[in-house]
Amino acid sequence: MDVLHFFRERTRFIRQFYDTAAGPFDGIMKAIDDRLPPFDNPPYSEDGEPAYLVEWLEASEGLELLGRTCLSMLSPSLQLFFRTWEKQIGVQWEKGERKKAFQRGFIEGYMNCYEQVLQISRLDCPADLGLVEQITLARNRDQHPEEITSMRVTHSKADIEKHTSLFFMSEQDRSMFSDADLANLSFLSPAVHVSRDQLYAAIEETEKLADWLDGHLIKARWKR
């Protein structure tokens, strides 16, 4: 089985899925900003809010959800790449060893596994492994929201402490939380934000990792 081929088919689809699904949301926001039909004749209002603010915010929220959804597709795709190769080369675990190895997440677990099995070092990997790990952390936050009152999902305090430079954050939040006083407020956390550029950058890092590992794994399979 060409494991890398199937992984790249998944990343190709994720890119296509985002761009296709983002179209209607981008279209609504642009039409409101440019006062294009059907948003070219705003109703009379004295509340002081911009016309069609609710519609614009809902479209913006749709893009936020779309970005997080795509990360929730990317993370398990990478996990499947690892898991499939684990079976292909016949990795054997001692009793209780696998559970212990994955206590710090599947990225750390599999990297430790393949470093030992393949006699390689992650230091030689061209991918940004810190960013790759943040993909899984952001996905976990999206899949386990804490508040029913909002579609917004925030980074956990533990994730913020582990990764002082969060990748999946809006520029607005990045600017706001650069203030040390705000950053230290226990009740305030930045939102998990996944723009198109951030998603594409994340996909590229997973592909770099998969490309690098795949070459070593193919050699190990043929030796076996």
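The figures follow:
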read-out: Inter-label distance for Lys87 and Glu61, nm, one decimal - labels placed 7 Å from Cα along Cα-to-Cβ; value: 4.0 nm
read-out: From phi via Karplus (6.51, -1.76, 1.60), per-residue ³J(HN,Hα) for the stretch 46-57 in Hz, x at Gly/Pro; value: 10, 7, x, 7, x, 5, 6, 4, 4, 5, 5, 5
read-out: Surrounding net charge for Phe81, when Lys and Arg each add one and Asp and Glu each subtract one, Cβ distance under 9 Å; value: +1
read-out: Sequence of Met29, Met151, Met1 when ordered by accessible area, the most exposed leading, probe 1.4 angstrom; value: Met1, Met151, Met29
read-out: Set of aspartates and glutamates near Lys95 by C-alpha distance (under 20 Å), chain-local residues within fewer than 8 positions excluded; value: Glu86, Glu108, Glu115
read-out: Reference-scaled alpha-carbon Rg (2.2 N^0.38 Å with N residues) for the stretch 28-143; value: 1.72
read-out: Volume per residue of the C-alpha convex hull in the stretch 90-168, rounded to whole Å³; value: 126 Å³
read-out: Amide H contacts of Thr154 (H built 1.01 Å from N, under 5 Å, at least 5 apart or other chain); value: Val192
read-out: Part-to-part distance (alpha-carbon centres) for the stretch 187-224 and the stretch 22-56, which is given in Å; value: 37 Å
read-out: Over the chain: helical MRE at 222 nm, DSSP H runs n ≥ 4 each giving -39500 (n - 2.57), nearest 500; value: -21500 deg cm²/dmol
read-out: Shape box of the stretch 69-224 [Cα atoms, principal axes, largest first, Å]; value: 55, 33, 26
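The values are calculated or read from the model by the stated rules, or taken from the named source; none is laboratory data. All of these numbers come straight from a predicted model, not from anything done at the bench. Cβ coordinates were reconstructed from backbone atoms using ideal geometry, including for glycine residues, and neighbour counts include every protein chain displayed. Heavy atoms of the whole protein, side chains included, go into the accessibility calculation; ligands, DNA and RNA do not. Shrake-Rupley method; radii C 1.70, N 1.55, O 1.52, S 1.80 Å.
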